Amino acid sequence: MITASNDYPKEIVLMASNEETDHILGFESSTDIKKLIKQAKEVLDKNWTGKFTKPTSGLYPHQWSWDSCFIAIGYAHYNQERAEKELRHLFSGQWNNGMVPQIVFNSDDEDTDYFPGTDFWQTSCSPNAPGEPDTSGICQPPVHATALLLLLENAKDAEKAERLARELFPKIKAWHDYLYRERDPLNEDLVYVRHPWESGQDNSPVWDQVLKRMDLEEQDKPDYERTDTKHVDTAVRPTDFSYDRYIYLVNYFRDRNYDENEIYRDGCPFLVQDILFNSLLCRANRDLARIAGWLGKDALPFHERALKTAKAVNNKLWDEEDGIYISYDLRADQHISGHSLAGFLPLYAHIPSPSRARRLFDYLDTGSFCELDESCFAIPTYDRRREEYTPKKYWRGPIWINLNWLLYHGLTNYGRQRYQHYIKQSIIYLINMSGFYEYYSPENGDGYGSKDFSWSAALFLDIIGLKRIELKDEM
Ligand code: DGY
């Protein structure tokens with residue numbers, strides 16, 4: 001951990017003080033930022049396949065749903081064509097029932113060793129799967145409307161962007177309809193995820209209690225070979241115990257032809273109303289309402305959905321004792337006690353009241369996450385004072401750029417500019433120091449997981465406001 005803010009390199013401190021008075025000047029006058037911009041674009045070029053962008057080579061060689069949304073948000077600043085292709089390609093994998101799949105497989109690259117691949121998912125057993133392209137049979141957090149709105153706002157060619165919005169609007173609506181229709185069996189305005197991978201925070205300690213309850217008999221243990229640990233250090237990846245359960249769940253869905261009713265009715269062991277997924281859905285409804293307004297369509301149904309989900313999050317997922325939002329384990333009918341950064345992200349959807357936001361902030365601004373004066377390396381994913389916290393392990397503590405980006409924007413809604421500004425500077429500092437990694441240790445800022453990770457690069461370009469910087473340069 002950095003102990004004092006004057007440990008920051010001089011140019012970063014300079015940028016910070018300029019930023020207090022001028023949002024662009026500090027970056028513009030810094031050659032360092034220019035170098036980082038170039039490097040970020042190089043990362044995206046390297047992972048661009050001509051149709052979509054891989055999260056990274058090796059470990060994640062296909063198209064991932066929420067990754068592509070974050071990636072499109074970055075492209076929107078300087079390469080509208082790619083941003084549009086990225087989203088179009090993702091939606092080419094949308095299922096007939098509206099589900100946007102977690103993975104759209106890369107049919108141009110048969111050589112990848114990614115597991116579980118198409119042979120394992122066998123999604124063609126579902127009448128809802130598109131057939132072409134091949135996809136996985138689960139989904140990921142709904143940030144699609146958000147990505148489309150940002151594309152509309154940042155695109156150079158407004159007409160083209162509007163054409164894309166007209167094309168994607170009904171598809172995103174169908175996606176949200178699917179979630180409310182098939183993932184909210186109790187009509188609570190909260191949707192469930194049925195696999196840790198659907199939450200996007202695959203290996204979070206939050207899932208431990210659910211996975212531990214899945215007591216697999218010897219004959220239930222799936223027969224498979226992991227490939228993730230061939231690409232990155234085994235020590236930072238999920239354990240075999242967790243992986244057995246991830247794969248067991250895939251088998252469980254496939255055995256039921258990915259039929260949602262059957263999956264729910266048969267008692268799928270992992271059914272969670274996840275706080276991040278529902279907060280992002282709430283925000284996505286608000287963003288879809290704005291897109292509807294933009295296109296001259298009726299925005300009211302989306303506002304209504306956002307309000308209902310916000311109310312449900314406040315009623316069911318708030319932990320009054322600890323002052324943070326938490327997820328709900330539907331199978332065990334109980335809350336999940338783990339405290340992750342996701343518990344603050346209802347801020348991004350403007351869900352908390354001002355008094356709840358104050359309580360959230362009182363918790364966030366402590367050694368559990370990051371005290372403003374402490375100068376951390378951005379905000380860790382998990383409460384550092386809890387015993388499950390592990391600084392280098394995938395989703396069990398490290399800093400992720402996407403969650404920091406969400407928190408950064410969430411704080412705008414609540415007037416926490418100093419903290420917000422601090423997050424932005426920390427991200428720049430971290431990337432300057434370690435490069436565009438998948439995630440970083442909160443203890444020393446070292447990068448872990450995969451190198452040259454696309455969303456770290458794309459969200460960096462967005463958070464620094466690349467479009468404004470480049471527009472100024474052109475003048
Ligand atoms: C994995 O770790 O392979 C999952 O697919 C991530 O979504």
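The values are calculated or read from the model by the stated rules, or taken from the named source; none is laboratory data. Just so we're clear, the structure is a prediction, and the values are computed from it rather than from any experiment. Cβ placement follows ideal geometry from the backbone for every residue including glycine, while neighbour counts extend to all protein chains displayed. The area values use the complete protein model at the heavy-atom level, side chains included, leaving out ligands, DNA and RNA. Shrake-Rupley method; radii C 1.70, N 1.55, O 1.52, S 1.80 Å.
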ask   = Among 417, 103, 253, whose Cα sits farthest toward the positive end of the charge dipole of the chain (+1 at Cβ of Lys/Arg, -1 at Cβ of Asp/Glu, about the Cα centre)?
value = 417
request  = Counting helices only, and only those DSSP H runs with n ≥ 4, report the 222 nm mean residue ellipticity of the chain as the sum of -39,500 (n - 2.57) divided by its residues, in deg cm²/dmol to the nearest 500.
outcome  = -15000 deg cm²/dmol
query = Can you give me the Cα centroid spacing of the range 32-90 and the range 100-131 in angstrom?
reply = 21 Å
remark   = Taking every other residue with Cβ under 13 Å from the Cβ of residue 243 and scoring Lys and Arg +1, Asp and Glu -1, one gets -2
key: Isotropically averaged projected area of the range 48-145, using the convex hull of Cα atoms (one quarter of hull area), nm²   = 5.9 nm²
request  = Could you do me a favour and compute the accessible area per residue for the chain, 1.4 Å probe, result in Å²?
outcome  = 38 Å²
key: For the chain, radius of gyration divided by Kirkwood radius, i.e. Rg to Rh on alpha-carbons   = 0.94
request  = Among the lysines, select those whose C-alpha is under 22 Å from the C-alpha of residue 212, and discard any that sit fewer than 8 residues away in the same chain.
outcome  = 221, 392, 393
request  = Might you report the magnitude of the Cβ-based charge dipole of the chain about its Cα centre, with Lys and Arg at +1 and Asp and Glu at -1, to the nearest 20 debye?
outcome  = 1220 debye
With every protein chain in place, the chain: carbon and sulfur % of accessible area (1.4 Å) = 45 percent
task = Please calculate the 1.4 Å probe accessible area of residue 470, with all protein chains present, and give it to the nearest 10 Å².
result = 50 Å²
message = Taking the Kirkwood radius as the inverse of the mean 1/r across Cα pairs, report the Rg/Rh of the range 243-368.
response = 1.05
note = Of every Cα-Cα pair in the range 414-475, the percentage lying beyond 18 Å is 44 percent
key: Computed accessible area, residue 177, all protein chains, 1.4 angstrom probe, square angstrom   = 40 Å²
query = Sorting 362, 259 by accessible area (1.4 Å probe), largest first, what list results?
reply = 362, 259
